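The values are calculated or read from the model by the stated rules, or taken from the named source; none is laboratory data. Keep in mind that this is a model prediction, so the values were computed, not measured. In this analysis, Cβ positions are derived from the backbone assuming ideal geometry, glycine residues included, and neighbour counts consider all displayed protein chains. Heads up: the accessible areas ignore ligands, DNA and RNA and are worked out on the full protein's heavy atoms, side chains in. Shrake-Rupley method; radii C 1.70, N 1.55, O 1.52, S 1.80 Å.
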Amino acid sequence: MEKIQHSHVQVRGLKLHVVQTGTGPKVVLFLHGFPEIWYSWRHQMIAMANAGYRAVAFDFRGYGLSDHPPEPERANFNDLADDVVALLDSLAIDKAFLVGKDFGAFPAFTVAVTHPERVLGVITLGVPFLIPGPLGVQFDLLPKGYYVIRWAEPGRAEADFGRFDVKTVVRNIYILFCRSDLQVAGDNEEIMDLVDPSTPLPPWFTEEDLDVYAILYQNSGFRTALQVPYRCMQLDCGITNPKVIAPSLLIMGEKDYVMKSPGMEDYIRKGIVKQFMPNLDIIFMSEGNHFVQEQLPEQVNELILSFLTKN
């Protein structure tokens, strides 16, 4: 990790924590999910730099070491997409490959739709093409105790998380999200109650890794992180007839709980998603879970590099 350089870059009135390595002419910009941070791309960044690419990641606004927006409760996905474009401008990057994981896929898709001239290609992990809004993520189809529904309710996750220290919250979410089934709480329990405290971390996620996440989330808290993604997911982003024309790759773990979301299996396997991304390749990883880039980094790195080489 000694090759990785940290800085703060002024982007749209906020200082964002930006991490870079490599000096190649082509740029790969990594966009994290929740409860992740720039560090979730540690394996990929080193591999991309070693292969001759410039790898860039950053903590989204309100995450980790980046500034919170002035009004976190009004933050939305368009802010993240605008931050991506402005960050490229600040770093004097004309075009980049965008790699998004979990909700980090949303700004990747949005930028590819609204600013196609800035995008060399799009790779997403764990989330197929979706645009924020009532038609993108249909809450009415989800189980009422599902974590997405629970955390979208103002104050509920705060009360749930508040029973534990930050490190335990991140540990519990990692353990929960490694499962292949949807995380659904009963009427008389909260999402944190779904984790047995004696459950060990997955073997590919060390206590040292957890410490990095814990320190970053202790700094930022969860205020903005609960707003984006969960509390703005239904907000219309203003995009009509979306289509990503850039070369694209979707990497899905067969054991990723997202595959159990209503309609998701058909949407991906029957190729319906290609209506919105006509130049999309889809690769399934048989043992992959929701954190496939940390769980199986060498395999994911090979898939990413193969895509970059072709495009």
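Tabulated results
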{"item": "Whole-number D in µm² s⁻¹ for the stretch 56-131, Kirkwood Cα-pair radius fed into Stokes-Einstein, 10 °C, 1.306 mPa s", "result": "124 µm²/s"}
{"item": "Per residue accessible area of the chain, 1.4 Å probe, in Å²", "result": "40 Å²"}
{"item": "Distance (nanometres) between label positions extended 7 Å along Cα→Cβ at Q234 and T168", "result": "3.1 nm"}
{"item": "The chain - mean residue ellipticity at 222 nm from DSSP helices (-39,500 (n - 2.57) per run, n ≥ 4, rounded to 500)", "result": "-9000 deg cm²/dmol"}
{"item": "Principal axis dimensions, the chain - Cα atoms, whole angstrom, descending", "result": "53, 43, 38"}
{"item": "Reachable lysines from K15, criterion Cα separation under 18 angstrom, eight or more residues apart if same chain", "result": "none"}
{"item": "Pairs beyond 32 Å (Cα-Cα), from K144/K310; K3/K243; K270/K310; K26/K260; K26/K167", "result": "K144/K310; K3/K243; K26/K260; K26/K167"}
{"item": "Computed label-point distance, nm, for sites E117 and L201 using a 7 Å Cα→Cβ extension", "result": "4.5 nm"}
{"item": "Interchain or long-range residues, amide H under 5 Å from M285's placed H", "result": "M252, G253, E254"}
{"item": "Share antiparallel - DSSP beta bridges, the stretch 5-310, percent rounded to 5", "result": "35 percent"}
{"item": "Computed over the stretch 30-152: relative contact order in percent, which uses C-alpha pairs under 8 Å that are six or more apart", "result": "21 percent"}
{"item": "Value of relative contact order over the chain, rounded to a whole percent, pairs C-alpha under 8 Å and six or more apart", "result": "21 percent"}
{"item": "Extended-chain gain in nm, criterion 0.36 nm per residue less alpha-carbon gap, S180 and N279", "result": "32.8 nm"}
{"item": "Relative contact order for the stretch 99-224, counting Cα pairs under 8 Å that sit 6 or more residues apart, in percent", "result": "19 percent"}
{"item": "Sum of side-chain charges, D160 neighbourhood, beta-carbon under 15 Å (Lys, Arg +1; Asp, Glu -1)", "result": "-1"}
{"item": "Whole-percent carbon and sulfur share, accessible surface of the chain, 1.4 Å", "result": "51 percent"}
{"item": "Local electrostatic count at S7 - Lys and Arg +1, Asp and Glu -1, tallied over other residues with Cβ under 15 Å", "result": "+1"}
{"item": "Cα-based shape type of the stretch 10-99, given that a ≥ b ≥ c are square roots of the gyration tensor eigenvalues and the cut on a/c is 1.5", "result": "prolate"}
{"item": "Virtual spin-label span in nm between S286 and Q10, 7 Å along Cα→Cβ", "result": "5.4 nm"}
{"item": "14 Å beta-carbon shell around T309, net charge (K/R +1, D/E -1)", "result": "0"}
